[in-house]
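One structure is given here, and the rest of the page talks about it.
The values are calculated or read from the model by the stated rules, or taken from the named source; none is laboratory data. Model, not experiment: these values are computed from the prediction. Positions of Cβ are generated from backbone atoms using ideal geometry, with glycine treated the same way; all protein chains shown enter the neighbour counts. Remember, those area values only see protein heavy atoms, side chains included, never the ligands or the DNA or RNA. Shrake-Rupley method; radii C 1.70, N 1.55, O 1.52, S 1.80 Å.
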Amino acid sequence: MTALNEAVLPALSEWRLHPEGFMREAEGWRGPLPIPVLTDQQLDLCRAVGKMARAKLKYKEVVEGKTPRSELTAEDWDQINKQGISVMSGKGTGKGGIAQGLIKWFLYMFPRCKSPITGPSYEQVRKGLMAEMHKWATFRDPKTNLPISILADEFEIQRDMIFLKSEGNKSRFFAVRTAPPDADESKHFDYKAIRARL
């Protein structure tokens, strides 16, 4: 465990359950401007992601026999069965900024995270989302000239991948993966069948 990890250890369990805390405290999105501050819509997304994560973590405890199945509520089951959250928005509303923060949150909070980042095209993801990751990893407080993210040095952000420096690019990462233009749609993954086997 690095010195930084030890310094933030008391906050880790709270951040794991509440991504908005991670965004404010670890990523530095606490305002006032020009330091970024979470908008109401970004907070709504963080809270929705946190609600889903808390339900899935609760389910994990049931599977491991640490919590009785009766502890799961109908609302928990709704969240457990979700496979994601869809966000509809216009241009320049902060989707990329919050998406990059949530990727870092998930990567830092959940071991063995191996996930694709996908979009309409490789270039769009690379020039959009990956560029946002670089931007916020290097964003500095104009008063102190220090990075606003206390975890900025923990991540290696490459052209098409982000991972924790301490673990390398094999055990925990997000990587850009998009289908080639000539992909055969009839040969797609059957995610429901894969999920049923897990």
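What FRET efficiency would be calculated for the residue pair Val63, Ala175, taking the C-beta separation as r and a Förster radius of 41 Å, to the nearest 0.05? Let's see the in-between values first.
Values: r = 27 Å, r/R0 = 0.67.
Taking R0 as 41 Å, the efficiency between Val63 and Ala175 is 0.90.
Please report the carbon-and-sulfur percent of the accessible area for the chain; probe 1.4 Å, protein heavy atoms only, DNA, RNA and ligands left out.
On the way: 6880 of 12540 Å².
After summing per-atom areas, the C and S share lands at 55 percent.
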Ranked by accessible surface with a 1.4 Å probe, highest first, in what order do Lys51, Lys104, Lys127 come? Lys127, Lys51, Lys104
How big is the stretch 15-126 by Rg and Dmax over its Cα atoms, in Å? 15.7, 47
Classify the stretch 129-180 as rounded, prolate or oblate, taking a ≥ b ≥ c as the square roots of the eigenvalues of its Cα gyration tensor: rounded when a/c is under 1.5, otherwise prolate if a/b is larger than b/c and oblate if not. oblate
Determine which lysines satisfy two conditions relative to Lys82: a Cα distance under 22 Å, and not lying fewer than 8 residues away in the same chain. Lys51, Lys56, Lys58, Lys60, Lys95, Lys104, Lys114, Lys192
Which FRET efficiency value, to the nearest 0.05, is calculated for Glu167 and Ala11 with the Förster distance at 35 angstrom and r the Cβ-Cβ distance? 0.95
With an 8 Å cut-off on Cα pairs and a minimum separation of 6 or more residues, tell me the relative contact order of the chain in percent. 20 percent
What is the mean projected area of the alpha carbon convex hull for the chain, to one decimal in square nanometres? 13.5 nm²
With the other protein chains left in place, how much accessible area per residue, in square angstrom, belongs to the chain at a 1.4 angstrom probe? 63 Å²
Given Cβ charges of +1 for Lys and Arg and -1 for Asp and Glu, the option among Leu72, Gly101, Trp29 whose Cα lies farthest towards the positive end of the dipole of the chain is Leu72
When we measure straight from the Cα of Lys143, which lysines land under 21 angstrom away, once same-chain ones fewer than 8 places off are left out? Lys135
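Ala48 to Glu71: extension gain in nm, 0.36 nm per residue of separation minus the Cα-Cα distance?
6.3 nm
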For the stretch 1-101, what is the relative contact order in percent, using Cα pairs closer than 8 Å and at least 6 residues apart in sequence? 22 percent
Testing the spin-label approximation: label points 7 Å from Cα along Cα→Cβ at Ile80 and Gln41. State their distance in nm. 3.3 nm
